[in-house]
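Below: one structure, written as structure tokens.
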Amino acid sequence: MSDTATDRLASVQAELRRAESDGNRENGSVTLIAVSKTFEANDIRPVLGAGQRVFGENRVQEAMGKWPGLREEFEGVELHLIGPLQSNKAKEAVQTFDVIHTVDRQKIAKALKAEMDKQGRDLPCFVQVNTGEEPQKAGISPKETDAFVTFCQNDIRLNIVGLMCIPPVEEAPGPHFALLEEIAKRNSLKQLSMGMSSDYEIAVGFGATHVRVGSAIFGARDYP
Ligand SMILES: *Cc1c(COP(=O)(O)O)cnc(C)c1O
């Protein structure tokens with residue numbers, strides 16, 4: 001690994017392009033989300049300076065502290081919420097983020113829709129699927145996903161663009177990526193948010209359109 005975040009960003013981009021070519025995917029078709037959670041504006045600025053514009057954060061409060069200022073310094077930032085959301089934070093989430101990856105229950109879907117209507121924003125959303133059916137993990141279970149996607153699209157008209165998953169840490173990710181791809185296909189959803197620092201190349205092979213890469217760019221975090 002090279003020693004600065006901008007060097008590591010360049011390596012990740014190069015490996016992503018290689019994974020696209022290996023998987024017969026169009027060059028540049030996979031969006032790299034640089035996950036900047038736990039890192040401060042000073043750590044993020046060089047990565048913005050290198051041209052990266054798509055970032056992910058997992059906490060609404062933390063994002064509200066860093067990103068309004070960074071958006072004033074750099075044009076064209078696209079901020080993705082990749083962490084669990086509570087409905088009492090829906091207002092701030094809709095104000096702060098451009099894309100939401102973690103819609104996983106009716107209450108949060110309704111709260112987001114109400115806030116988007118109020119603020120006149122129509123954010124693309126992913127439904128988070130708990131592919132490993134882990135009790136402690138966020139996400140809707142695979143067998144409930146079809147009905148939930150239909151509810152979001154038809155009953156409340158939330159703009160669902162795709163599915164997101166975080167495979168169990170102790171398992172091979174491939175079967176989880178394959179399952180997410182299959183559920184997306186049968187629901188006619190085109191976008192797949194899957195793959196992190198350790199497995200984004202694998203995710204591209206299973207059709208990821210968005211990979212969420214943190215530590216491979218910013219370095220190790222002090223807390224998760
Ligand atoms: C932290 C986080 C990532 C990035 O993880 P790395 O292993 O550091 O790449 C990706 N997705 C989600 C949902 C995260 O919370």
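The values are calculated or read from the model by the stated rules, or taken from the named source; none is laboratory data. What you see is a predicted model; the values in this text were computed from it and never measured. Note that each Cβ is placed from the backbone with ideal geometry, even for glycine, and that neighbours are counted across all protein chains shown. Note: areas computed on protein heavy atoms with side chains; ligands, DNA, RNA excluded. Shrake-Rupley method; radii C 1.70, N 1.55, O 1.52, S 1.80 Å.
Name every residue in segment 114-157 that is more than 16 Å from the ligand (Cβ to nearest atom), part of a loop (DSSP other than H, G, I, E, B) and either charged (D, E, K, R) or open to solvent by 80 Å² or more (accessible area, probe 1.4 Å) (or both), in order of residue number.
R121, D122, E133, P135, R157
Only one residue in G195, G207 is at pLDDT 95 or above, in a loop (DSSP other than H, G, I, E, B) and either in contact with a His (Cβ under 7 Å, 6 or more places away or on another chain) or surrounded by 23 or more Cβ atoms within 10 Å (Cβ to Cβ) (or both), so which one is that?
G195
Would it be correct to say that Q86 is modelled with pLDDT under 95, surrounded by fewer than 16 Cβ atoms within 10 Å (Cβ to Cβ) and of a type in the set (S, T, N, Q)?
For Q86, the condition - modelled with pLDDT under 95, surrounded by fewer than 16 Cβ atoms within 10 Å (Cβ to Cβ) and of a type in the set (S, T, N, Q) - is met.
Among the numbered conditions (1) in contact (Cβ under 8 Å) with a residue 40 or more places away in the chain; (2) touching a helix residue (DSSP H, G or I) at 6+ places or on another chain (Cβ under 9 Å), tell me where Q95 comes up short.
(1)
Suppose the filter is more than 30 Å from D7 (Cα to Cα), within 13 Å of the ligand (Cβ to nearest atom) and either open to solvent by 20 Å² or more (accessible area, probe 1.4 Å) or touching a Leu at 6+ places or on another chain (Cβ under 9 Å) (or both); does A111 pass it?
So A111 fails the test.
Could you tell me which residue of segment 28-65 is farthest from the chain's Cα centre (by Cα), considering only residues that are more than 14 Å from the ligand (Cβ to nearest atom) and under 23 Å from S87 (Cβ atoms)?
G65
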